[in-house]
Amino acid sequence: MPDARYAIAAILVTAAVTWALRALPFAVLAPMRASTTVQYLSARMPAGVMVILVVYCLHDLPMTQARAVAPLVALAVTVALHLWRRSAVLSILGGTVAHVTLASTIFAH
């Protein structure tokens, strides 16, 4: 019977730690919602993250080779769709379809 008590205690401790770790971010961030810094970052971060992702994805792209056309066209399609419709889902899907289509047909080696 001591093994059963040990197992139950271990499960209860594990459940308590898991619950605390999941609740902690909400408890810590609740007072910060009124902060002007957090509001500023929440407005600016999405665009900043997207710029970092674009730079990271294109920084090794060989601009002198034909295979660079597919990602650049996909980027242009993504930007154009987003400016036209302001829909992130449509922009991402359109750019992905453009890239996969070009990379697997015209620019396939």
If you go through region 30-42 one residue at a time, do you hit one that is at pLDDT below 90, surrounded by 10 or more Cβ atoms within 10 Å (Cβ to Cβ) and under 30 Å from residue 106 (Cα atoms)? no
Residues of region 81-96 being open to solvent by 60 Å² or more (accessible area, probe 1.4 Å) and under 20 Å from residue 55 (Cα atoms), in sequence order, are 82, 83, 92, 93, 96
From (1) without any contact (Cβ under 8 Å) to a residue 12 or more places away in the chain; (2) open to solvent by less than 60 Å² (accessible area, probe 1.4 Å); (3) in contact with a helix residue (DSSP H, G or I) (Cβ under 7 Å, 6 or more places away or on another chain), pick out the condition that doesn't hold for residue 48. (3)
If the Cβ limit is 8 Å and pairs must be 6+ apart or interchain, which residue in region 81-102 that is over 19 Å from residue 61 (Cβ atoms) pairs with which residue that is among the basic types (Lys, Arg) and open to solvent by 40 Å² or more (accessible area, probe 1.4 Å)? 91/85
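The values are calculated or read from the model by the stated rules, or taken from the named source; none is laboratory data. Keep in mind that what you see is a predicted model, and the values were worked out from it rather than measured. Cβ atoms come from the backbone with ideal geometry, glycine included; neighbour counts cover every protein chain shown. Areas reflect the complete protein model, heavy atoms only, side chains present, ligands, DNA and RNA absent. Shrake-Rupley method; radii C 1.70, N 1.55, O 1.52, S 1.80 Å.
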